[in-house]
Amino acid sequence: MPLRFTLNGAPVEVPDGTSPSTTLLNFLRAGGRTGAKEGCAEGDCGACTVAVLDADAAGGPAWRAVCSCILLLPQVDGRELRTVEGLAAPGGALHPAQEAMVEALGSQCGYCTPGFVMTLTHLFAAEPNADEATLREALGSNICRCTGYVKILAAARDAQARLRTQP
Ligand code: FES
Ligand code: FES
């Protein structure tokens, strides 16, 4: 039986013959979803961050940011996934975390940016009132080599404020 999952709200079926050792990252990128990037390919840099719908401690739905470079396709069979391509509104308006990153100049080459945006989006979805220590801890799983973290942290705080006021 083919592997299936939901990606940004749409069903995806993994073609027969696809190696079960294919990473989710490689599968996404081969299919043209190139927002998630390969940096370290070993779960350390966050460039490949996507989100998976999981359960919180009370059993309720909770999105979690995960590294797609160390997830194999069979591990996401039947799951619901979201990539950075799924964040913008249907009309194309950027997600508040994306807007904040742009306006705070939190991106230079942009290689790390989708990963940061995914981490921030799902941190604040789970913890809207995350404090500074929690924010820094969450961003510890994302590496940027060129912008510097001052602007990224400013973008993160702005994103948190924007998301708090969303209806
Ligand atoms: S490429 Fe996945 S964490 Fe670095
Ligand atoms: S903007 Fe270049 S690595 Fe972060």
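Taken together, the values in this text are just the output of simple stated rules run on the coordinates, not laboratory data. Predicted model only: the values in this text are computed from it and were never measured. For neighbour counting, all protein chains shown are included, and Cβ atoms are generated from backbone atoms with ideal geometry for every residue, glycine included.
Taking the Cα centre of the chain as the origin, how large is its charge dipole in debye, to the nearest 20, when only Lys and Arg (+1) and Asp and Glu (-1) carry charge on their Cβ atoms?
About 300 debye.
By count of other Cβ within 10 Å, fewest leading, how are 146, 40, 69, 48 ordered?
146, 40, 69, 48
Highest GNM mean-square fluctuation, the chain, Cα pairs closer than 10 Å: which of 12, 102, 117?
Comparing 12, 102, 117 in a Gaussian network model of the chain, the most mobile one is 12.
Going by the alpha-carbon gyration tensor, a ≥ b ≥ c the square roots of its eigenvalues, is the chain rounded (a/c under 1.5) or, if a/c is not under 1.5, prolate (a/b greater than b/c) versus oblate?
Verdict is prolate for the chain.
If a helix is a whole DSSP H run, which ones in the chain reach 24 Å or further along their own axis (Cα) and hold a mean Kyte-Doolittle hydropathy of at least 0.0?
What comes out of the filter, once short or polar helices are dropped, is none.
Highest GNM mean-square fluctuation, the chain, Cα pairs closer than 10 Å: which of 59, 32, 46?
59
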